[in-house]
Amino acid sequence: MKRSFTAGCVIAATSMLMLSAGAQQKAPFSAKGKSVRVYLTEKGTDNRLTEAGTLTFSSKPQPVETEVAVFVDPSKTFQTMLGIGGALTDASAETFYKLPKDKQQEILTAYYSKTKGIGYTFGRTNIQSCDFSSDSYSYVKNGDKDLKTFDISHDKKYRIPFIKEAIAAAGGKLTMFVSPWSPPGWMKTNNDVLHGGHLKKEDYQSWANFYVKFINAYQKAGIPVWGLTVQNEPMATQTWESCIYTADEERDFVKGYLGPTLQKAGMSNKKLMVWDHNRDLMYQRASTILEDPAAAKYVWGVGYHWYETWTGAGMNFANEQLVHQAFPSKNLVFTEGCAERFDPNKMDDWSLGEKYGYSMINDFNAGTVAWTDWNVLLDEKGGPNHVGNFCFAPVHADTKTGKITYTNSYYYIGHFSKFIKPGAKRIACSASRDKLLTTAYQNPDGKIAVVVMNKGDEKIDYFLWIKGQATKVTSNPHSIETLLVE
């Protein structure tokens, strides 16, 4: 693997007093005298997050229309980045512990090291089993409404140790949220943990208590839980663990049961996210819940996935942007996405990474505050998965030979996660040609990371322009680059 990795008078008087007291306004950002380090991943080459040179700025007061430019304005700021990462599932954990120790360490470094890897800071895991578990299981015995038999021993074999190793590799902190795929079957209208079904009304409180039990158990095991979603994919009846909530049902469960239960348990600081499904129905779900003040007061954000391409609906970035515009006090989080239908012969397919880059740039520009890939690691078959729903991950491990394969999606994600740190502010950024996709952030240390992606077949020369200073950059076909201004 290559990794080079009267009011006016009062205001005026107040301002003068502040200045006289020594208060200083932050000077506008100037690119004059600054350099740009270029990191490149490019189809048809060995460039994978490769440092590809340093550029310098010179004066360019006015670009012209015949030139291509990426304009960056650090004075206009938007949402703050919480983190970027992936899901630490049963499948990832089981695959991890089938590998030799040196390969385990390689994977941890590749994902979580801030210097030698791509610096993941965000994570997700499942409450009870999901499709990416080797089997279906529950933490309670059948019919135990009081949850007296609640026990997470199953997770202590692989998943909990794996998550703790990831936390350590990330420097001792990993922002984690949790999601259920299904309540126990006996709590559901179809009496089955699989195949959809609805949560029975008489079990709403017992299921709400279940989340508290899980969070307490994981935290006691050494895994801090930052947030949770109500239900993974609540409009999908799947052959694997699944449960249906209409928008009204999710709203009523949140306001009448889950929200108050978390609050009563002293967990009102846990970030509760609704929806956790595709962008296509996202606005309808968000508006139904968030227009109800009694439900909205418990909700921190709206989670979403990208699988609406299954229905032919496309990626629907406009829907997430509409949710952000209509409910600006709530946060958007991309909670899951992956390339489906695993094929071992397509591990080097360049479209794998380009889908990630395309989604991440548009999601961040729409207001998303955190981005979560699906499984961080899968085996040579795209599993394990107890219903044969095999998928791609950025990293695959052959559990027979120990060989580790990094798909180009790992590098595409890294162009964001390695250079855009938690606490970074998204800043205004636009390209003068729609053939270039771009977003930009200013990190807490003042450095600016500009990501530029070219998914077309032609080379494009452009100017990176910041307030009258510019430098010439080349975007090669099917490439992504991060320009670090420092």
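Residues of segment 296-341 that are within 16 Å of Phe78 (Cβ to Cβ) and polar (S, T, N, Q): Gln321, Gln325, Ser329, Asn331. In this structure, does Lys103 turn out to be touching a strand residue (DSSP E or B) at 6+ places or on another chain (Cβ under 8 Å) and basic (Lys, Arg)? Here the answer is yes, as Lys103 does meet what is asked.
One line per residue, one yes/no per condition, for (1) among the polar types (S, T, N, Q); (2) surrounded by 14 or more Cβ atoms within 10 Å (Cβ to Cβ); (3) closer than 29 Å to Tyr411 by Cβ; (4) modelled with pLDDT of 95 or more:
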residue: Phe5; (1), (2), (3), (4): no, yes, yes, no
residue: Thr14; (1), (2), (3), (4): yes, no, no, no
residue: Ser20; (1), (2), (3), (4): yes, no, no, no
residue: Ala23; (1), (2), (3), (4): no, no, no, no
residue: Gly33; (1), (2), (3), (4): no, no, no, yes
residue: Lys60; (1), (2), (3), (4): no, yes, no, yes
residue: Val70; (1), (2), (3), (4): no, yes, yes, yes
residue: Gly85; (1), (2), (3), (4): no, yes, yes, yes
residue: Ser92; (1), (2), (3), (4): yes, yes, yes, yes
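Among residues of segment 308-339 being surrounded by 18 or more Cβ atoms within 10 Å (Cβ to Cβ), modelled with pLDDT of 95 or more and assigned to a loop (DSSP other than H, G, I, E, B), the one that is farthest from the chain's Cα centre (by Cα) is Phe327. Of the residues Asp151, Asp144, Asp203, the single one that is assigned by TED's automatic domain parsing to the domain that holds Gln263, outside any loop (DSSP other than H, G, I, E, B) and of a type in the set (Asp, Glu) is Asp203. Residues in segment 94-108 that are of a type in the set (A, V, I, L, M) and assigned to a helix (DSSP H, G or I): Ile107, Leu108.
May I ask you to say which residue of Leu228, Leu272 is farther than 30 Å from Tyr97 by Cα, assigned to a strand (DSSP E or B) and touching a Leu at 6+ places or on another chain (Cβ under 7 Å)? On inspection, the qualifying residue turns out to be Leu272. If you go through segment 281-307 and keep only what is part of a helix (DSSP H, G or I) and within 17 Å of the chain's Cα centre (by Cα), you end up with Met282, Tyr307. Within segment 245-258, does at least one residue satisfy the condition of being part of a loop (DSSP other than H, G, I, E, B) and in contact with a helix residue (DSSP H, G or I) (Cβ under 9 Å, 6 or more places away or on another chain)? Scanning segment 245-258, I find at least one residue that is part of a loop (DSSP other than H, G, I, E, B) and in contact with a helix residue (DSSP H, G or I) (Cβ under 9 Å, 6 or more places away or on another chain), so the answer is yes.
Only one of Met347, Met360 is at pLDDT 95 or above and surrounded by fewer than 21 Cβ atoms within 10 Å (Cβ to Cβ). Can you tell me which? Exactly one of Met347, Met360 is at pLDDT 95 or above and surrounded by fewer than 21 Cβ atoms within 10 Å (Cβ to Cβ), namely Met347.
Pairing residues of segment 189-216 that are among the aliphatic types (A, V, I, L, M) with residues that are surrounded by fewer than 17 Cβ atoms within 10 Å (Cβ to Cβ), at Cβ distances under 6 Å and at least 6 apart in sequence or on separate chains, gives Val212/Ala265.
Residues in segment 97-147 that are aromatic (Phe, Trp, Tyr) and surrounded by 23 or more Cβ atoms within 10 Å (Cβ to Cβ): Tyr111, Tyr112, Tyr120, Phe122, Phe132. Here Ile361 meets the list (1) touching an Asp or Glu at 6+ places or on another chain (Cβ under 7 Å); (2) part of a helix (DSSP H, G or I) almost entirely, failing just condition (1).
Those strands (runs of 3 or more DSSP E) of segment 374-484 in which 2 or more residues are touching a His at 6+ places or on another chain (Cβ under 9 Å) occupy 404-406, 448-454.
The values are calculated or read from the model by the stated rules, or taken from the named source; none is laboratory data. Not measured: the values here are computed from a predicted model. A quick note on method: Cβ atoms are made from the backbone with ideal geometry, for glycine too, and the neighbour counts reach across all protein chains shown.
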